[in-house]
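Here the structure comes first, spelled out in structure tokens, and everything after it is commentary.
Nothing in this text is a laboratory measurement; each read-out follows from the coordinates by a stated rule. It should be emphasised that the depicted structure is a prediction, and the values quoted were computed from it without experimental measurement. Virtual Cβ from ideal backbone geometry, glycine too; neighbours counted across all protein chains shown.
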Amino acid sequence: MIILTFPKSRSKNYLHAVKLASKFDGYAGERNNNAVSFAPKDINEKWEYFSMLFWTTVDWSGTFIEYDGDRFYSHSDKTRIFYALQEAHSNWMWNTSSRIIQHFSPNIESKKAESLDIDSMTNKQIDELIDRKLIENKKI
């Protein structure tokens, strides 16, 4: 679990940060401190909110990220963790989109090329189908 903690701030963006933090179930706001606990599912499903919250609060004095019991205060450490989370999010999205493509793409093996409705396909889909067929026939 990742925990982002940021203090009350005089920044004009403080109320915006609190609003973003409140979008997460793990938000706990106190008088002078705000903490948000993020489960991996929260970060993946609400990436835009997480990203905006992180970049809004990252340089505020007293802001830190906690992971696995370790607290990180420096800008470089916090951004390294952010980019690791961003890569994990990108991998999650790639995996999800791959499954969607496999589920909804036409299966060239089960259809003859003449029966494909190429009018409803994009040029990229057509190119991918041709490439796949050429690879299967070992023409490439």
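The length gained by stretching the chain between Arg132 and Trp55 to full extension, at 0.36 nm per residue less their Cα-Cα distance, is 23.5 nm. Cross-link pairs exceeding 24 Å between alpha carbons, from the set Lys23/Lys78; Lys12/Lys41; Lys46/Lys78: Lys12/Lys41. With both labels modelled 7 Å from their Cα along Cα-to-Cβ, the Asp77 to Ala39 distance reads 2.8 nm.
Set the Förster distance to 35 Å, then compute FRET efficiency between Glu30 and Met93 from the Cβ-Cβ distance, nearest 0.05. With R0 = 35 Å, the Cβ-Cβ based efficiency is 0.55.
Translational diffusion of the chain, estimated by Stokes-Einstein from the Kirkwood radius over alpha carbon pairs at 37 °C in a medium of 0.692 mPa s, is 180 µm² per second. What the phi angles of segment 83-98 give under the Karplus curve with 6.51, -1.76 and 1.60, with θ = phi - 60°, is a coupling list of 5, 5, 5, 5, 5, 4, 5, 4, 5, 4, 5, 4, 4, 5, 5, 4 Hz, glycine and proline written as x. Neighbour counting of Cβ atoms within 10 Å sorts the residues His89, His16, His75, fewest neighbours leading, into His75, His16, His89. Among Asp127, Asp70, Asp25, which one shows the highest mean-square fluctuation when the chain is modelled as a Gaussian network with alpha-carbon springs under 10 Å? The residue with the greatest mean-square fluctuation here is Asp127.
Each label point was placed 7 Å from the Cα along the Cα-to-Cβ direction; for His16 and Ile3 their separation is 2.7 nm.
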